[in-house]
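Engineer: Sending over a structure as structure tokens; questions will come in a sec.
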Amino acid sequence: MAQLQATKTEANLLRSFAEEAQLNRYHLAYARQAEMEGYPQVSRLFRAIAESATVHANAALRVLGAIRDTRANLQGAIAAETRAGQEMYPEMVQLADQEGIRTARVAFDYARQVERIHADLLRYSLEHLDELPSGEYYVCPVCGNTVLGRPPDVCPICGTPGSAWMRVV
């Protein structure tokens, strides 16, 4: 992070970012649920509030100096995805195993496997930044597996059919 020293304001900016980022994801999940239940206007409201939370989170990141040039952002993202896949999620998988919470174990293990894929995609993008081929990304709605181009017939991580994958535009 850039110019700010370790102050209470910096701590508040970090807290603001974390809270707003979390609210964004909650509101998007609520929007999907409202849509499935047949409440499109409520879904739109949740999506609008999610976008507002993104504005707030991005403002905190800008003030913190956390948004840099694309190469630096790719390097930071590679490090974060690698750390999550190699350190955070393996510990979470192990604890869920010990506590016998299978659903959490599966979710954590899916995330662990996908973080490596994300790091590889980011690393490839960094290495080929000036000559990246264009194309659409697809994301598995169950495990988060991410591919450039057409999804596989069946997700190699969770078995979800490729026809169910989400296209990212």
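Engineer: Report the dimensions of the chain along its three principal axes from the alpha-carbon atoms, largest first, rounded to Å.
Structural biologist: Each principal axis gives a Cα extent; for the chain these are 48, 43, 43 Å.
Engineer: In addition: How large is the convex hull of the Cα atoms of segment 8-64 per residue, expressed in Å³ as a whole number? Please report the intermediate quantities before stating the final value.
Structural biologist: Working: hull volume 2.7 nm³, N = 57.
Dividing the Cα hull volume of segment 8-64 by its residues yields 47 Å³.
Engineer: Calculate one ³J(HN,Hα) per residue across segment 48-58 by plugging θ = phi - 60° into the Karplus curve 6.51 cos²θ - 1.76 cosθ + 1.60, and present them in order as whole Hz with x for glycine and proline.
Structural biologist: 5, 5, 4, 5, 4, 4, 5, 4, 5, 4, 5
Engineer: When N counts the residues of segment 69-132, how does its alpha-carbon radius of gyration compare numerically with 2.2 N^0.38 Å, as a ratio? Don't jump to the answer; show the numbers that get you there.
Structural biologist: Details: Rg = 14.3 Å, N = 64, 2.2 N^0.38 = 10.7 Å.
Rg over 2.2 N^0.38 Å, computed on Cα atoms: 1.34.
Engineer: Would you compute, from DSSP H runs of 4+ residues alone, the mean residue ellipticity of the chain at 222 nm, taking -39500 (n - 2.57) per run and dividing by the full residue count, rounded to the nearest 500?
Structural biologist: Values: 5 runs with 105 residues, N = 169.
So the calculated ellipticity at 222 nm is -21500 deg cm²/dmol.
Engineer: Check residue 155: other-chain or 5+ apart residues with amide H under 5 Å from its amide H, H built from backbone geometry?
Structural biologist: Those lying under 5 Å, H to H, from residue 155 are 160, 162.
Engineer: Can you compute the modelled spin-label distance between residue 51 and residue 153, with each label point 7 Å from Cα toward Cβ, in nm?
Structural biologist: With each label point 7 Å from Cα toward Cβ, the separation is 4.0 nm.
Engineer: Please turn the phi angles of segment 8-16 into ³J(HN,Hα) values with the Karplus equation 6.51 cos²θ - 1.76 cosθ + 1.60 (θ = phi - 60°), one per residue in order, whole Hz, x for glycine and proline.
Structural biologist: Coupling constants for segment 8-16: 5, 5, 4, 4, 5, 5, 5, 5, 4 Hz.
Engineer: While we're on this one: Enumerate the residues in segment 26-69 having an amide nitrogen under 20 Å from the point lying 7 Å beyond the Cα of residue 10 toward its Cβ.
Structural biologist: Taking a point 7 Å out along Cα→Cβ of residue 10, the residues of segment 26-69 whose backbone N falls under 20 Å are 57-69.
Engineer: Once fully extended, how much extra length lies between residue 130 and residue 104, figured as 0.36 nm per residue of separation less the alpha-carbon to alpha-carbon distance? Mind showing how you got there, number by number?
Structural biologist: Working: separation 26, 0.36 × 26 = 9.36 nm, distance 3.96 nm.
Stretched out fully, the residue 130 to residue 104 stretch lengthens by 5.4 nm.
Engineer: Let me ask another. Can you give me the Rg/Rh ratio for segment 111-159, using Cα atoms for both radii and the Kirkwood formula for Rh? Let's see the in-between values first.
Structural biologist: Details: Rg = 11.4 Å, Rh = 11.6 Å.
My calculation puts Rg/Rh at 0.99.
Engineer: Now a separate question. Taking θ as phi - 60°, what are the ³J(HN,Hα) couplings along segment 115-127 by the Karplus curve (6.51, -1.76, 1.60), each to the nearest whole Hz, with x for Gly and Pro?
Structural biologist: 4, 4, 5, 4, 4, 5, 4, 5, 4, 4, 4, 5, 5
Where a number appears in this text, it was derived from the coordinates with a stated rule and is not lab data. The shown structure was predicted, so the numbers you read here are calculated from the model rather than taken from an experiment. Note that each Cβ is placed from the backbone with ideal geometry, even for glycine, and that neighbours are counted across all protein chains shown.
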